[in-house]
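To start, the structure itself, in C-alpha coordinates.
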Amino acid sequence: MSATQAVEAVFRIESARIIAGVARIVRDVGIAEEIAQDALVAALEQWPESGVPDKPGAWLMATAKHRAIDLVRRKETYARKLAEVGRTLEDVPPPAEPAAPDDIDDDLLRLIFTACHPVLATEARIALTLRLMGGLTTQEIARAFLTSEPTVAQRIVRAKRALAKAGVPFEVPYGADREERLASVLEVIYLIFNEGYSATAGDDLVRPALCEDALRLARVLAGLMPKEPEVHGLAALLEFQASRISARTGPDGEPVLLADQNRSKWNRLLIRRGALAMQYAGSGPYSVQAAIAGCHAEAVRYEDTDWATIAILYGRLVELVPSPVVELNRAVAVSMAEGPEAALPLVDALAGEPALRSYHLLPSVRGDLLERLGRREEARAEFERAASLTHNARERALLLGRAARA
(Lines give C-alpha, C1' and ligand atoms only; values in the text may rest on other atoms or scores of the structure.)
Protein backbone atom coordinates (compact mmCIF):
# COMPACT_ATOMS: atom_id res chain seq x y z
CA MET A 1 0.00 0.00 0.00
CA SER A 2 1.40 3.41 -0.96
CA ALA A 3 1.62 6.30 1.50
CA THR A 4 -1.21 8.09 -0.33
CA GLN A 5 -3.45 5.03 -0.07
CA ALA A 6 -2.55 4.69 3.60
CA VAL A 7 -3.53 8.32 4.23
CA GLU A 8 -6.89 7.86 2.55
CA ALA A 9 -7.60 4.59 4.33
CA VAL A 10 -6.67 5.91 7.79
CA PHE A 11 -8.59 9.14 7.29
CA ARG A 12 -11.68 7.22 6.23
CA ILE A 13 -11.54 5.25 9.47
CA GLU A 14 -10.50 8.08 11.81
CA SER A 15 -12.21 11.13 10.28
CA ALA A 16 -15.22 11.05 12.60
CA ARG A 17 -13.08 10.90 15.73
CA ILE A 18 -10.82 13.66 14.42
CA ILE A 19 -13.75 15.95 13.59
CA ALA A 20 -15.39 15.21 16.94
CA GLY A 21 -12.16 15.83 18.86
CA VAL A 22 -11.53 19.10 17.06
CA ALA A 23 -15.17 20.20 17.42
CA ARG A 24 -14.79 20.00 21.19
CA ILE A 25 -12.06 22.65 20.86
CA VAL A 26 -13.47 25.00 18.21
CA ARG A 27 -17.17 24.40 19.00
CA ASP A 28 -18.13 24.49 15.31
CA VAL A 29 -18.60 21.27 13.31
CA GLY A 30 -18.11 23.04 9.97
CA ILE A 31 -14.75 24.48 11.03
CA ALA A 32 -13.84 21.15 12.63
CA GLU A 33 -14.36 19.33 9.34
CA GLU A 34 -12.22 21.91 7.51
CA ILE A 35 -9.40 21.47 10.04
CA ALA A 36 -9.65 17.68 9.70
CA GLN A 37 -9.31 18.08 5.93
CA ASP A 38 -6.25 20.30 6.50
CA ALA A 39 -4.68 17.48 8.54
CA LEU A 40 -5.42 15.11 5.66
CA VAL A 41 -3.65 17.44 3.22
CA ALA A 42 -0.67 17.66 5.59
CA ALA A 43 -0.45 13.87 5.69
CA LEU A 44 -0.65 13.65 1.90
CA GLU A 45 2.25 16.09 1.69
CA GLN A 46 4.47 14.58 4.41
CA TRP A 47 3.88 10.82 4.56
CA PRO A 48 5.17 10.00 1.05
CA GLU A 49 8.55 11.44 2.13
CA SER A 50 8.70 10.69 5.86
CA GLY A 51 6.85 7.38 5.75
CA VAL A 52 3.60 6.33 7.42
CA PRO A 53 3.77 6.92 11.22
CA ASP A 54 3.51 4.00 13.63
CA LYS A 55 0.19 5.44 14.86
CA PRO A 56 -1.26 7.22 11.81
CA GLY A 57 -4.61 7.94 13.45
CA ALA A 58 -2.92 9.61 16.41
CA TRP A 59 -0.73 11.63 14.02
CA LEU A 60 -3.78 12.97 12.19
CA MET A 61 -5.57 13.73 15.47
CA ALA A 62 -2.55 15.56 16.91
CA THR A 63 -2.05 17.57 13.72
CA ALA A 64 -5.72 18.57 13.61
CA LYS A 65 -5.79 19.49 17.30
CA HIS A 66 -2.68 21.64 16.98
CA ARG A 67 -4.28 23.51 14.10
CA ALA A 68 -7.47 23.91 16.13
CA ILE A 69 -5.52 25.31 19.07
CA ASP A 70 -3.74 27.75 16.77
CA LEU A 71 -7.11 28.89 15.48
CA VAL A 72 -8.45 29.41 19.00
CA ARG A 73 -5.36 31.42 19.90
CA ARG A 74 -6.02 33.77 17.01
CA LYS A 75 -9.46 34.58 18.32
CA GLU A 76 -10.03 37.66 20.44
CA THR A 77 -11.59 35.52 23.16
CA TYR A 78 -8.55 33.23 23.31
CA ALA A 79 -8.09 33.36 27.07
CA ARG A 80 -11.68 32.44 27.91
CA LYS A 81 -11.92 29.68 25.35
CA LEU A 82 -8.58 28.21 26.32
CA ALA A 83 -9.76 27.98 29.93
CA GLU A 84 -12.97 26.26 28.84
CA VAL A 85 -11.22 23.63 26.76
CA GLY A 86 -7.99 23.31 28.70
CA ARG A 87 -8.56 19.68 29.65
CA THR A 88 -9.44 18.71 26.09
CA LEU A 89 -6.12 19.94 24.72
CA GLU A 90 -4.39 16.91 26.19
CA ASP A 91 -4.29 13.81 24.01
CA VAL A 92 -6.25 11.69 26.46
CA PRO A 93 -8.95 9.56 24.81
CA PRO A 94 -12.41 9.78 26.40
CA PRO A 95 -13.86 6.68 28.09
CA ALA A 96 -15.80 4.41 25.73
CA GLU A 97 -18.80 4.20 28.07
CA PRO A 98 -20.70 6.89 30.03
CA ALA A 99 -19.32 7.52 33.51
CA ALA A 100 -22.82 8.04 34.87
CA PRO A 101 -26.33 7.26 33.55
CA ASP A 102 -26.96 10.89 32.65
CA ASP A 103 -23.54 11.87 31.33
CA ILE A 104 -21.65 10.77 28.21
CA ASP A 105 -17.99 11.64 27.80
CA ASP A 106 -17.90 10.58 24.17
CA ASP A 107 -17.05 13.04 21.43
CA LEU A 108 -18.70 10.91 18.74
CA LEU A 109 -22.04 11.04 20.55
CA ARG A 110 -21.65 14.77 21.08
CA LEU A 111 -21.06 15.07 17.35
CA ILE A 112 -24.21 13.12 16.49
CA PHE A 113 -26.45 14.96 18.96
CA THR A 114 -25.08 18.31 17.78
CA ALA A 115 -25.72 17.47 14.13
CA CYS A 116 -29.22 16.29 15.07
CA HIS A 117 -30.22 19.62 16.59
CA PRO A 118 -33.87 20.67 15.96
CA VAL A 119 -32.70 23.83 14.19
CA LEU A 120 -32.10 21.53 11.18
CA ALA A 121 -34.66 19.67 9.11
CA THR A 122 -34.66 15.91 9.63
CA GLU A 123 -33.08 15.20 6.23
CA ALA A 124 -30.33 17.73 6.91
CA ARG A 125 -29.60 16.28 10.36
CA ILE A 126 -29.12 12.79 8.98
CA ALA A 127 -27.13 13.87 5.92
CA LEU A 128 -24.77 16.03 7.99
CA THR A 129 -24.16 13.35 10.62
CA LEU A 130 -23.53 10.68 7.99
CA ARG A 131 -21.00 13.01 6.43
CA LEU A 132 -19.27 13.88 9.71
CA MET A 133 -19.66 10.65 11.64
CA GLY A 134 -19.52 8.09 8.86
CA GLY A 135 -17.09 9.93 6.62
CA LEU A 136 -19.41 9.17 3.72
CA THR A 137 -19.21 11.02 0.42
CA THR A 138 -22.18 12.94 -0.92
CA GLN A 139 -22.61 10.16 -3.50
CA GLU A 140 -22.88 7.48 -0.82
CA ILE A 141 -25.34 9.54 1.22
CA ALA A 142 -27.41 10.19 -1.91
CA ARG A 143 -27.57 6.46 -2.52
CA ALA A 144 -28.65 5.84 1.08
CA PHE A 145 -31.40 8.46 0.71
CA LEU A 146 -32.31 7.44 -2.85
CA THR A 147 -31.90 11.08 -3.88
CA SER A 148 -29.51 13.23 -5.96
CA GLU A 149 -25.97 14.25 -5.04
CA PRO A 150 -26.61 18.03 -5.50
CA THR A 151 -29.55 17.79 -3.10
CA VAL A 152 -27.41 16.12 -0.45
CA ALA A 153 -24.54 18.57 -0.95
CA GLN A 154 -26.89 21.53 -0.47
CA ARG A 155 -28.34 19.98 2.69
CA ILE A 156 -24.90 19.54 4.21
CA VAL A 157 -23.69 23.07 3.41
CA ARG A 158 -26.90 24.65 4.70
CA ALA A 159 -26.84 22.49 7.82
CA LYS A 160 -23.33 23.62 8.77
CA ARG A 161 -24.29 27.25 8.26
CA ALA A 162 -27.47 26.86 10.31
CA LEU A 163 -25.61 25.26 13.24
CA ALA A 164 -22.98 28.01 13.21
CA LYS A 165 -25.58 30.79 12.95
CA ALA A 166 -27.63 29.33 15.81
CA GLY A 167 -24.54 28.87 17.99
CA VAL A 168 -25.50 25.27 18.76
CA PRO A 169 -23.34 24.01 21.66
CA PHE A 170 -21.23 20.89 21.16
CA GLU A 171 -22.84 18.72 23.82
CA VAL A 172 -25.17 15.85 24.58
CA PRO A 173 -28.49 17.46 25.55
CA TYR A 174 -30.53 16.58 28.63
CA GLY A 175 -34.20 16.12 29.41
CA ALA A 176 -36.75 17.07 26.77
CA ASP A 177 -34.09 18.21 24.30
CA ARG A 178 -32.55 14.75 24.30
CA GLU A 179 -35.91 13.08 23.71
CA GLU A 180 -36.62 15.48 20.84
CA ARG A 181 -33.45 14.51 19.01
CA LEU A 182 -33.55 10.78 19.73
CA ALA A 183 -35.47 9.74 16.59
CA SER A 184 -32.95 11.41 14.31
CA VAL A 185 -30.02 10.00 16.28
CA LEU A 186 -31.42 6.47 15.99
CA GLU A 187 -31.94 6.88 12.26
CA VAL A 188 -28.41 8.17 11.81
CA ILE A 189 -26.91 5.20 13.66
CA TYR A 190 -29.11 2.86 11.63
CA LEU A 191 -28.00 4.34 8.31
CA ILE A 192 -24.34 4.34 9.32
CA PHE A 193 -24.57 0.64 10.16
CA ASN A 194 -26.35 -0.11 6.90
CA GLU A 195 -23.63 1.63 4.90
CA GLY A 196 -21.05 -0.51 6.65
CA TYR A 197 -23.11 -3.69 6.31
CA SER A 198 -23.69 -3.27 2.58
CA ALA A 199 -21.56 -0.51 1.07
CA THR A 200 -23.29 1.48 -1.64
CA ALA A 201 -20.08 1.99 -3.60
CA GLY A 202 -16.47 0.92 -3.83
CA ASP A 203 -14.65 -2.38 -4.04
CA ASP A 204 -15.73 -3.85 -0.70
CA LEU A 205 -19.16 -5.21 0.14
CA VAL A 206 -18.69 -4.68 3.87
CA ARG A 207 -17.03 -1.81 5.79
CA PRO A 208 -16.72 -3.28 9.31
CA ALA A 209 -15.41 -0.07 10.91
CA LEU A 210 -18.71 1.71 10.25
CA CYS A 211 -20.66 -1.25 11.65
CA GLU A 212 -18.49 -1.30 14.77
CA ASP A 213 -18.97 2.44 15.40
CA ALA A 214 -22.72 2.21 14.89
CA LEU A 215 -23.01 -0.84 17.14
CA ARG A 216 -20.94 0.79 19.88
CA LEU A 217 -23.06 3.94 19.75
CA ALA A 218 -26.26 1.89 19.90
CA ARG A 219 -24.96 0.11 23.02
CA VAL A 220 -23.99 3.40 24.67
CA LEU A 221 -27.42 4.87 23.93
CA ALA A 222 -29.10 1.78 25.38
CA GLY A 223 -27.11 2.31 28.58
CA LEU A 224 -27.94 6.00 28.60
CA MET A 225 -31.66 5.60 27.94
CA PRO A 226 -32.64 2.24 29.47
CA LYS A 227 -36.36 3.05 29.48
CA GLU A 228 -36.57 3.76 25.72
CA PRO A 229 -37.82 0.58 23.97
CA GLU A 230 -36.76 1.71 20.48
CA VAL A 231 -33.19 2.29 21.64
CA HIS A 232 -33.08 -1.35 22.72
CA GLY A 233 -34.85 -2.34 19.50
CA LEU A 234 -32.13 -0.69 17.43
CA ALA A 235 -29.40 -2.22 19.59
CA ALA A 236 -30.94 -5.67 19.15
CA LEU A 237 -31.23 -5.19 15.39
CA LEU A 238 -27.59 -4.19 15.01
CA GLU A 239 -26.38 -7.02 17.27
CA PHE A 240 -28.24 -9.59 15.15
CA GLN A 241 -27.07 -8.07 11.87
CA ALA A 242 -23.46 -7.71 13.03
CA SER A 243 -23.40 -11.38 14.01
CA ARG A 244 -23.49 -12.34 10.31
CA ILE A 245 -20.83 -9.97 8.96
CA SER A 246 -17.95 -12.46 8.84
CA ALA A 247 -20.08 -14.91 6.86
CA ARG A 248 -21.29 -12.38 4.29
CA THR A 249 -18.12 -12.46 2.21
CA GLY A 250 -15.89 -15.22 0.89
CA PRO A 251 -12.08 -15.54 1.04
CA ASP A 252 -11.61 -13.00 -1.76
CA GLY A 253 -14.27 -10.58 -0.52
CA GLU A 254 -16.99 -11.84 -2.84
CA PRO A 255 -20.60 -11.67 -1.52
CA VAL A 256 -22.11 -14.83 -0.02
CA LEU A 257 -25.89 -14.95 -0.19
CA LEU A 258 -27.87 -15.71 2.97
CA ALA A 259 -28.83 -19.18 1.73
CA ASP A 260 -25.18 -20.08 1.18
CA GLN A 261 -23.66 -18.64 4.35
CA ASN A 262 -21.75 -20.87 6.75
CA ARG A 263 -23.81 -20.34 9.88
CA SER A 264 -21.07 -21.69 12.10
CA LYS A 265 -19.33 -18.37 11.38
CA TRP A 266 -22.21 -16.40 12.83
CA ASN A 267 -21.16 -14.75 16.08
CA ARG A 268 -23.21 -16.47 18.79
CA LEU A 269 -22.19 -13.88 21.43
CA LEU A 270 -23.70 -11.07 19.36
CA ILE A 271 -26.82 -13.15 18.79
CA ARG A 272 -27.17 -13.64 22.55
CA ARG A 273 -26.68 -9.90 23.06
CA GLY A 274 -29.38 -9.26 20.49
CA ALA A 275 -31.78 -11.64 22.22
CA LEU A 276 -31.10 -9.91 25.54
CA ALA A 277 -31.76 -6.47 24.05
CA MET A 278 -35.03 -7.79 22.59
CA GLN A 279 -36.32 -8.34 26.12
CA TYR A 280 -36.42 -4.56 26.54
CA ALA A 281 -37.53 -3.68 22.99
CA GLY A 282 -41.01 -2.50 22.10
CA SER A 283 -43.24 -2.56 19.03
CA GLY A 284 -41.72 0.29 17.00
CA PRO A 285 -40.01 0.03 13.60
CA TYR A 286 -36.54 -0.86 14.90
CA SER A 287 -37.97 -3.42 17.29
CA VAL A 288 -39.94 -5.07 14.47
CA GLN A 289 -36.85 -5.17 12.27
CA ALA A 290 -34.96 -6.69 15.19
CA ALA A 291 -37.63 -9.39 15.46
CA ILE A 292 -37.14 -10.15 11.75
CA ALA A 293 -33.38 -10.36 12.20
CA GLY A 294 -33.94 -12.55 15.25
CA CYS A 295 -35.93 -15.02 13.14
CA HIS A 296 -32.92 -15.41 10.85
CA ALA A 297 -30.54 -15.71 13.81
CA GLU A 298 -32.61 -18.49 15.40
CA ALA A 299 -32.59 -20.66 12.26
CA VAL A 300 -29.86 -23.29 12.53
CA ARG A 301 -30.18 -23.96 8.79
CA TYR A 302 -31.49 -21.76 6.00
CA GLU A 303 -34.27 -24.29 5.47
CA ASP A 304 -35.40 -23.76 9.09
CA THR A 305 -36.12 -20.05 8.58
CA ASP A 306 -39.64 -19.09 9.65
CA TRP A 307 -40.52 -17.15 6.50
CA ALA A 308 -44.23 -17.01 7.31
CA THR A 309 -43.53 -15.09 10.54
CA ILE A 310 -41.03 -12.87 8.74
CA ALA A 311 -43.64 -12.01 6.09
CA ILE A 312 -46.12 -11.09 8.84
CA LEU A 313 -43.53 -8.93 10.58
CA TYR A 314 -42.76 -7.11 7.31
CA GLY A 315 -46.47 -6.48 6.94
CA ARG A 316 -46.46 -4.89 10.38
CA LEU A 317 -43.39 -2.84 9.43
CA VAL A 318 -45.14 -1.54 6.30
CA GLU A 319 -47.96 -0.27 8.53
CA LEU A 320 -45.49 1.52 10.80
CA VAL A 321 -43.23 3.00 8.12
CA PRO A 322 -44.82 2.79 4.65
CA SER A 323 -41.94 2.42 2.20
CA PRO A 324 -41.45 0.79 -1.21
CA VAL A 325 -38.18 -0.71 0.06
CA VAL A 326 -40.00 -2.39 2.96
CA GLU A 327 -42.67 -3.59 0.51
CA LEU A 328 -39.92 -5.13 -1.61
CA ASN A 329 -38.50 -6.93 1.41
CA ARG A 330 -41.97 -8.18 2.29
CA ALA A 331 -42.31 -9.54 -1.24
CA VAL A 332 -39.09 -11.51 -0.79
CA ALA A 333 -40.43 -13.03 2.43
CA VAL A 334 -43.73 -13.87 0.75
CA SER A 335 -41.85 -15.59 -2.08
CA MET A 336 -40.09 -17.82 0.43
CA ALA A 337 -43.24 -18.53 2.44
CA GLU A 338 -45.72 -18.95 -0.42
CA GLY A 339 -43.64 -19.28 -3.59
CA PRO A 340 -42.39 -16.92 -6.33
CA GLU A 341 -45.73 -16.85 -8.11
CA ALA A 342 -47.32 -15.19 -5.06
CA ALA A 343 -44.58 -12.57 -4.81
CA LEU A 344 -44.09 -11.54 -8.44
CA PRO A 345 -47.29 -9.41 -8.59
CA LEU A 346 -46.15 -7.60 -5.43
CA VAL A 347 -42.79 -6.79 -7.03
CA ASP A 348 -44.36 -5.76 -10.34
CA ALA A 349 -46.62 -3.35 -8.45
CA LEU A 350 -43.49 -1.51 -7.29
CA ALA A 351 -42.10 -0.98 -10.80
CA GLY A 352 -43.57 2.52 -11.06
CA GLU A 353 -42.25 3.76 -7.71
CA PRO A 354 -40.03 6.82 -8.38
CA ALA A 355 -37.84 6.06 -5.34
CA LEU A 356 -36.98 2.63 -6.77
CA ARG A 357 -36.23 3.76 -10.32
CA SER A 358 -32.46 3.44 -9.76
CA TYR A 359 -32.60 0.92 -6.91
CA HIS A 360 -30.67 -2.14 -8.07
CA LEU A 361 -32.38 -4.54 -5.67
CA LEU A 362 -35.74 -4.18 -7.44
CA PRO A 363 -34.57 -5.83 -10.72
CA SER A 364 -32.37 -8.16 -8.66
CA VAL A 365 -35.34 -9.49 -6.69
CA ARG A 366 -37.47 -9.69 -9.82
CA GLY A 367 -34.68 -11.60 -11.58
CA ASP A 368 -34.55 -14.10 -8.72
CA LEU A 369 -38.31 -14.66 -8.86
CA LEU A 370 -38.26 -15.09 -12.63
CA GLU A 371 -35.37 -17.56 -12.41
CA ARG A 372 -37.25 -19.63 -9.85
CA LEU A 373 -40.25 -19.62 -12.16
CA GLY A 374 -38.12 -20.93 -15.03
CA ARG A 375 -38.32 -17.70 -17.05
CA ARG A 376 -34.56 -17.58 -17.56
CA GLU A 377 -34.27 -15.08 -20.44
CA GLU A 378 -36.31 -12.52 -18.52
CA ALA A 379 -34.30 -13.26 -15.38
CA ARG A 380 -31.02 -12.69 -17.21
CA ALA A 381 -32.18 -9.28 -18.42
CA GLU A 382 -33.20 -8.27 -14.88
CA PHE A 383 -29.86 -9.35 -13.38
CA GLU A 384 -27.99 -7.39 -16.05
CA ARG A 385 -30.11 -4.33 -15.37
CA ALA A 386 -29.47 -4.66 -11.64
CA ALA A 387 -25.73 -4.91 -12.29
CA SER A 388 -25.83 -1.70 -14.32
CA LEU A 389 -27.48 0.16 -11.43
CA THR A 390 -25.26 -0.84 -8.51
CA HIS A 391 -22.15 1.17 -7.65
CA ASN A 392 -20.58 -1.61 -5.60
CA ALA A 393 -18.04 -3.68 -7.54
CA ARG A 394 -18.67 -6.86 -5.53
CA GLU A 395 -22.42 -6.72 -6.02
CA ARG A 396 -21.98 -6.00 -9.72
CA ALA A 397 -19.80 -9.08 -10.14
CA LEU A 398 -22.34 -11.22 -8.27
CA LEU A 399 -25.24 -9.99 -10.41
CA LEU A 400 -23.35 -10.46 -13.67
CA GLY A 401 -22.49 -13.96 -12.55
CA ARG A 402 -26.15 -14.75 -11.92
CA ALA A 403 -27.03 -13.31 -15.31
CA ALA A 404 -24.48 -15.59 -16.99
CA ARG A 405 -25.88 -18.65 -15.21
CA ALA A 406 -29.55 -17.84 -15.79
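Are any of the residues in the range 201-216 open to solvent by less than 40 Å² (accessible area, probe 1.4 Å), hydrophobic (A, V, I, L, M, F, W, C), more than 18 Å from the chain's Cα centre (by Cα) and more than 21 Å from ILE126 (Cβ to Cβ)? Among the residues of the range 201-216, not one is open to solvent by less than 40 Å² (accessible area, probe 1.4 Å), hydrophobic (A, V, I, L, M, F, W, C), more than 18 Å from the chain's Cα centre (by Cα) and more than 21 Å from ILE126 (Cβ to Cβ), which makes the answer no. Looking at (1) open to solvent by less than 10 Å² (accessible area, probe 1.4 Å); (2) in contact with a Ser or Thr (Cβ under 9 Å, 6 or more places away or on another chain); (3) in a helix (DSSP H, G or I), find the lone condition where LEU109 falls short. The failed condition is (2).
What residue, among those in the range 233-261 that are open to solvent by 20 Å² or more (accessible area, probe 1.4 Å) and part of a helix (DSSP H, G or I), is farthest from GLY282 (Cα to Cα)? Residue satisfying both the conditions and the ranking: ASP260.
May I ask you to verify whether GLU377 is assigned to a helix (DSSP H, G or I) and surrounded by 17 or more Cβ atoms within 10 Å (Cβ to Cβ)? No; evaluated as a whole, the condition is false for this residue.
A single entry from GLY367, GLY315 fulfils the requirement of being in a helix (DSSP H, G or I), at pLDDT 95 or above, surrounded by 20 or more Cβ atoms within 10 Å (Cβ to Cβ) and not aliphatic (A, V, I, L, M): GLY367.
Return a yes/no flag: does the range 340-351 have any residue that is modelled with pLDDT of 95 or more, surrounded by fewer than 16 Cβ atoms within 10 Å (Cβ to Cβ) and closer than 22 Å to THR390 by Cα. The answer is yes; a qualifying residue exists.
Filtering the range 114-123 to residues that are part of a helix (DSSP H, G or I) and surrounded by 24 or more Cβ atoms within 10 Å (Cβ to Cβ) leaves THR114, ALA115. If you take the residues in the range 262-312 that are open to solvent by 40 Å² or more (accessible area, probe 1.4 Å) and touching a Cys at 6+ places or on another chain (Cβ under 9 Å), which one is nearest to LEU346 (Cα to Cα)? That would be THR309. Look through the range 161-174, keep the residues that are open to solvent by 50 Å² or more (accessible area, probe 1.4 Å) and more than 13 Å from ARG27 (Cβ to Cβ), and return whichever of them is farthest from the chain's Cα centre (by Cα). The qualifying residue farthest from the chain's Cα centre (by Cα) is LYS165.
The values are calculated or read from the model by the stated rules, or taken from the named source; none is laboratory data. Note that this is a predicted model, so its numbers are computed, not measured. Cβ atoms come from the backbone with ideal geometry, glycine included; neighbour counts cover every protein chain shown. When the accessible area is computed, the model is the full protein with side chains, heavy atoms only, and any ligands, DNA or RNA have been set aside. Shrake-Rupley method; radii C 1.70, N 1.55, O 1.52, S 1.80 Å.
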